[in-house]
1. To the nearest 0.05, what FRET efficiency results for residue 68 and residue 135 with a Förster distance of 51 Å applied to their C-beta separation?
2. Please work out the Cα center distance from segment 503-556 to segment 238-302, rounded to the nearest Å.
3. Given q = 0.11, 0.13, 0.16 Å⁻¹, what are the Debye log10 I(q)/I(0) values for segment 323-473, with equal point scatterers placed on the Cα positions and solvent ignored?
4. Once the cut-off is 12 Å, how many percent of the Cα-Cα pairs in segment 69-111 end up in the long-distance tail?
5. Segment 268-322: D in µm²/s via Stokes-Einstein (Kirkwood Rh, Cα pairs, 37 °C, 0.692 mPa s)?
6. As a check on your grasp of the helix formula, calculate [θ] at 222 nm for the chain: sum -39500 (n - 2.57) over DSSP H runs of n ≥ 4, divide by the residue count, round to the nearest 500.
7. Calculate the length of the line joining the C-alpha centroid of segment 26-47 to that of segment 184-201, in whole Å.
8. Describe numerically, in nm with one decimal, the distance between label points set 7 Å from Cα along Cα→Cβ at residue 454 and at residue 347.
């Protein structure tokens, strides 16, 4: 069979820093090409203010990066393949919402708001809406329906309602134009298909259930009685949102003529309903019941699926939601995670680089300084890792808490902060780095324990994402702390691969995503086996971690 006889799909993964495309032969599962394009405005730090936890992204970053990545992919793929691309699916970070006008245009694409951060996508890690999240939780607990019941019983500042309310409150100019809101994972398929009217957009079951308190049990989104009791400002969305949601095996439409021309593809290309990156990543990692999938990057997202007859009427508290069909259609998806994982290591690296970045330009040529800083930037974490691996597990090691960006689970709380204890004059940079790695592992264990306490069985752990493929030290530490083996998915782009699987189903290549997983899955590249002696040594440090966490929380 020739290449041109096959059906090809493109999975598009919008991460925190970049857009990644993956071209896959849906017939054989062969991954042909992967291209990454970084967001130009984001790389320059535009519209962000880390001091107040504000992280915003311009829709043009998404549009331009996606277009460049797809065009580059098609320009270097073998001849004849572009004409046989049959499907596209998209995953994004979340909750990453934006306000729309009545025509479905993101407000930052209007001239008057082109440089207004409040008119842009509010990135998942933006924590400016802590106050609003607290108000949602307080009201939900005394309302006749607890709308947080299937969101782990705690609503997060990382999620859509808190973010949209915060923006409406702080920016009166925005209110005059705001008509609706949309998640990033819903806007991209709407854009590609030309179906951008707010009331007509296909809304993701995944994003709606996990981030917007959508639940079929109470008829969809929270009632506007509840929302306007929270703040009358939210009434401007009344009638402009949605009732129905869709799983990602659904075709949201086909490429519009405009985008088919821009990308060099056919108007016969099916575009699947979008979803959040970690959920599609879990599908790309061949998730099945009782498997705990860790998507490990700047933060972590942990995903499981459960059959209806096992989850029944259980409400799993402390997590980021349980949603019918958010991962595998026909099963309940469970989500948890850490607000900072790789970001913890990046923070420490940047801390060590600060004097060099500050002083070098003043003592040597700017070009030489820049080259040296880039070199050191690439060397610091590998060197710290090499030295930290030599340090034995010991109670003399500092114990840290990983809440540098708040806590996602168990029990979302963006008011908490990180902590480092046990510092002495003998504490070295490698020793401190080891403590931070252990802290992220302890945070992971607290999530696993949260599931196990509530009788959610975990038989297997799978890891995906850059850290799982690049840092044996972090992965082995995690296996030792959890005392469970961890398999690492072979695909370097598991999220984009999961998206490609859904694209194949939406395009009709496969009848359901489980069949796509069988054909397109890549298996596993390695497994980390725990050291039981080190696990026993870690238990006392883990208890200190828990005690320190309680100390932080009781002093808020």
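Every read-out reported here was derived from the displayed coordinates using simple, explicitly stated rules and does not represent laboratory data. Note that the structure is a prediction, hence the values are computed from the model and not measured. Every residue, glycine among them, receives a Cβ derived from its backbone with ideal geometry; neighbour counts consider all protein chains shown.
1. The formula returns an efficiency of 0.80 here.
2. Each part reduced to its Cα centre gives a spacing of 21 Å.
3. Each listed q corresponds, in turn, to -0.57, -0.75, -1.02.
4. 75 percent
5. Answer, rounded: 253 µm²/s.
6. Values: 19 runs with 223 residues, N = 556.
Per the formula, -12500 deg cm²/dmol.
7. Here the two parts' Cα centres lie 20 Å apart.
8. 2.6 nm
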